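Q: I'd like to ask you about the structure that follows.
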Amino acid sequence: MAVLIASATTFSVGANAKSADQVSGQYENVGRGKFTLIALSSATGLNVTNSVGGISIVNDLPIPFFGTTGGLDTSANVIVSQTMNGGRVELFFRNTTGGALTVDYQLLFEPL
């Protein structure tokens, strides 16, 4: 059973800015498990970086833009699903455009 370790709806990232780390608290450091990142951006131009134990799962890659209709779909909006040894979990978003963008996201962790 997966545990939700970070999530937000309409999380805003300013123009040409990088967010703070979105993972904090109890699940900032975890053991071995499967990490699944699901994200839906409001437009093209939003990149994501996700690392576990200092190893990048996704390194500053664009979030695919699927259009402005519909909500976050855990089967259609998966960015990455990967088993990792564990460690400190980090999640950042970077806006590459001249205007603010938003993202809906969930980072799930399933202990092994």
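We did not get these values from a lab; they are worked out from the coordinates using the rules stated. Please read all numbers here as calculations on a predicted model, not as lab measurements. For neighbour counting, all protein chains shown are included, and Cβ atoms are generated from backbone atoms with ideal geometry for every residue, glycine included.
Q: When every alpha-carbon pair in region 1-81 is counted, what percent end up more than 15 Å apart?
A: 62
Q: Test of understanding: what is the full-extension gain from I55 to T9, defined as 0.36 nm times their sequence separation minus their Cα-Cα distance?
A: Separation in residues times 0.36 nm, less the Cα-Cα distance, equals 14.0 nm.
Q: I've got another one for you. Residues of region 27-57 with backbone nitrogen within less than 20 Å of a virtual label 7 Å along the Cα-to-Cβ line of V78, please, listed as ranges.
A: 32-41, 48-52, 56-57
Q: Now, a different point. How large are Rg and Dmax for region 3-43 when calculated on the C-alpha trace, in angstrom?
A: Using the Cα atoms of region 3-43, the pair Rg, Dmax is 12.4, 35 Å.
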